[in-house]
Amino acid sequence: MTGRSANEATDSAVLPGQLAQIMRSEMESVADEIVTEIRASIPEYRRPIDGPYGKSIRAGVQHAVSLFIAQIADPSASKQHAHEVHRRLGQYEMREGRSLDTLQAAYRVGARVAWRRIMEVGRRSGFSSAVMSHLADAILGFMDELASVALDGFLEAKASSADALDTWRRRLLQLILERPAAPPEAIDELAQLVGWATPKKATPVAVRPLYPFKATHRPPLDADVLAELSGVEPRLLLPGPMTRERIVSLEQALPRCRLSVGPCVPLEGVADSLRWARKALALVDEGVLPPRRIVWVQECLPVLLLHSDEALVAQLRRRLFMAFDGFTPRQRERMVETLRAWLDAQGNVVDMAERLAVHPQTVRYRMRQLESVFGGRLHDPDARFELELALRTMPTSKPTSNVSVGEAYRS
């Protein structure tokens with residue numbers, strides 16, 4: 001916001017050059033008065049002002065006073081240098097940790113002190129009421145303009161600082177996940193830089209957006225959560241174990257995401273834990289695991305182990321089910337279901353019939369078929385273990401599965 005041009009602070013009795021000359025001789029000392037008043041009125045500015053800190057404050061005030069007087073004499077006087085000084089001042093204030101309210105208060109104090117001195121000069125010099133009115137408009141508008149420039153600098157520095165901090169936090173997460181593992185000293189040093197208290201153990205979370213993230217999306221995560229959500233494999237890292245409160249917070253912050261929570265492990269094991277969490281998400285996509293909003297890796301470790309080498313698993317299935325080659329797809333489906341029920345029910349025909357929703361006599365008929373296929377292997381502990389391994393790697397016939405037994409067999 002800009003005020004009325006300084007040359008409007010004249011009337012027919014006072015020319016702009018004369019007015020500027022009067023103001024210059026009277027107001028050269030006002031810069032020190034403004035600095036003193038700011039320090040007295042605002043606690044955040046009461047620290048010693050020797051060194052770069054004091055120089056930046058004094059330079060900002062002196063440039064403001066000089067520019068105001070210059071504009072009285074010549075409204076076309078360049079504002080570029082003064083604006084740059086106050087933009088940098090705003091940036092400096094943000095980096096010093098002061099608030100936007102504190103910065104704006106300093107400009108209000110400066111305007112009050114400057115106007116108080118102008119009133120003294122006006123009374124002694126016999127300025128008319130019209131001149132004083134125009135000077136009041138000019139000084140208030142001028143200070144508003146400089147405050148706006150400083151505000152821009154403050155917000156620019158804040159945005160730059162936030163982006164830089166986010167970059168370093170993402171780098172810290174990447175460093176923790178590096179293989180071979182980064183030296184603990186490097187992790188501690190970077191953690192200290194970004195203000196992250198290095199925990200003994202941490203919990204990684206693999207994130208699967210159900211809808212694409214917007215480029216500017218910044219979810220309201222807790223301050224101690226390291227996040228990388230912009231990559232192809234979004235992830236989080238939380239210090240310590242996952243708590244119920246944390247899960248609720250994550251669900252609220254990431255409402256359109258599936259979260260796979262890895263085990264809480266020492267920092268050197270976070271990369272493995274995150275790898276398991278990502279694998280769990282993949283198994284949800286394949287229909288092996290149910291599509292829950294929160295996937296707890298600790299609850300599906302055997303499944304992850306069975307699917308840790310898909311090529312090896314496929315080879316195991318092909319070898320064990322080679323005996324089904326002479327069956328139609330539908331017959332093969334029934335035999336696999338029956339074999340699974342036989343292993344789960346430990347051979348109890350009645351229990352098997354309930355699981356398969358068929359008559360016990362039908363179970364006995366199917367078992368005779370299985371015995372003709374596998375022979376003595378059904379009664380060999382090692383062979384049964386292999387059969388169960390192969391079956392456990394196949395999706396069940398539940399509605400959540402999107403892969404048929406036939407497709408799993410053909411793989």
inquiry  = Run the reach check for K79 against aspartates and glutamates, Cα to Cα strictly under 20 Å, same-chain hits fewer than 8 apart removed. What comes back?
reply    = E8, E28, D137, D144, E145, D152, E156
Spin-label zone in the stretch 84-109 - amide nitrogen under 13 Å from a point set 7 Å from the Cα of D152 along the C-beta vector = 84-91
remark   = The summed charge of the R246 Cβ neighbourhood (under 13 Å; Lys/Arg +1, Asp/Glu -1) stands at -3
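What are the DSSP H helices in the chain that stretch 24 Å or more along their long axis, judged by alpha-carbon atoms, and whose average Kyte-Doolittle hydropathy comes to at least 0.5? Let's see the in-between values first.
Working: long enough: 52-73 (31 Å, 0.54); 100-125 (37 Å, -0.32); 129-177 (72 Å, 0.53).
Helix filter hits for the chain: 52-73, 129-177.
Hey, with R₀ at 45 Å, roughly what FRET efficiency would R384 and R179 work out to, going by the Cβ-Cβ distance, to 0.05? Please list the in-between numbers first.
Details: r = 38 Å, r/R0 = 0.84.
Result of the calculation: an efficiency of 0.75.
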query = Among P255, P180, P241, which one shows the biggest mean-square fluctuation in a GNM of the chain, springs joining Cα atoms closer than 10 Å?
reply = P180
task = Report, please, the projected area of the stretch 199-306 averaged over directions, based on the convex hull of its C-alpha atoms, in nm².
result = 6.6 nm²
note = As straight-line cross-link partners of K279, the qualifying aspartates and glutamates (C-alpha separation under 13 Å, not fewer than 8 residues apart within one chain) are E233, D309, E310
message = Tell me the label only: which of [x] -0.33, -0.80; [y] -0.51, -0.83; [z] -0.25, -0.72 is log10 I(q)/I(0) by the Debye sum over Cα atoms at q = 0.06, 0.10 Å⁻¹ as calculated from this structure?
response = [y]
task = Taking only Cα atoms and a 10 Å spring cutoff, compute GNM fluctuations for the chain and point out the largest among D382, D188, D285.
result = D382
ask   = What is the calculated FRET efficiency for S128 to D74, with r their C-beta to C-beta distance and R₀ = 22 Å, to the nearest 0.05?
value = 0.50
inquiry  = Per 0.36 nm of contour for each residue apart, how much would the distance between E96 and A323 grow if the chain were fully extended, relative to their Cα-Cα spacing?
reply    = 74.2 nm
request  = Pull out the extension gain between E33 and A164, defined as 0.36 nm times the separation in residues minus the alpha carbon to alpha carbon distance; nm, one decimal.
outcome  = 43.4 nm
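Please order Y211, Y365, Y92 by the number of other Cβ within 10 Å, starting at the fewest.
Numbers: Y211 8, Y365 12, Y92 20.
Neighbour counts put them in this order, fewest first: Y211, Y365, Y92.
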task = Counting other beta carbons within 10 Å of each Cβ, put T198, T243 in order, fewest first.
result = T243, T198
inquiry  = Connecting C-alpha atoms closer than 10 Å in a GNM of the chain, tell me which of E145, E286, E245 has the biggest fluctuation.
reply    = E245
note = Rounded to the nearest Å, the spacing of the alpha-carbon centers of the stretch 366-393 and the stretch 64-118 is 86 Å
Cα-based reach from K158 at 18 Å (exclusive), listing aspartates and glutamates while leaving out same-chain residues under 8 positions away = E84, E93, E96, D101, D166
For K158, K55, order by how many other beta-carbon atoms lie within 10 Å, fewest first = K55, K158
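No lab work stands behind these numbers, since they all come straight from the coordinates. Being a predicted model, the structure only gives us computed values, none of them experimental. Positions of Cβ are generated from backbone atoms using ideal geometry, with glycine treated the same way; all protein chains shown enter the neighbour counts.
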